[in-house]
Amino acid sequence: MSVTFDIIFQKGQGKKLPRSFYTRVVKETLALSGIPFLSTKKLSVSAVATDDAEMRKLNRDYRGKDATTDILSFHEY
């Protein structure tokens with residue numbers, strides 16, 4: 001499996017933890033996913049660390065839920 005990823009920090013979010021922490025989280029999440037096709041695909045993962053107000057807006061825009069959430073995920077096959 002070949003994985004490339006970008007991590008974007010908005011409004012100063014997430015900078016208290018080193019980039020290596022986020023790298024490890026992405027790699028471990030993919031390893032634990034149990035999805036068989038991951039071993040044969042090239043993957044690109046983007047992660048954004050933001051505040052509650054922006055997360056609420058994204059959740060409302062993409063899911064129609066006017067509330068904050070911890071994680072939004074989107075996939076493309």
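Every read-out reported here was derived from the displayed coordinates using simple, explicitly stated rules and does not represent laboratory data. This is a predicted model, so every value here is computed, not measured. Reconstructed Cβ throughout: ideal geometry from the backbone, glycine too, with neighbour counts over all protein chains shown.
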Under the 7 Å Cα-to-Cβ spin-label approximation, SER46 and SER33 lie apart by a distance in nanometres of 1.6
Pseudo-spin-label distance ASP61 to PHE5, built 7 Å along Cα→Cβ, given in nm, is 2.2
Counting only residues 5 or more apart in sequence or on a different chain, those whose built amide H sits under 5 Å from that of ILE7 are ALA47
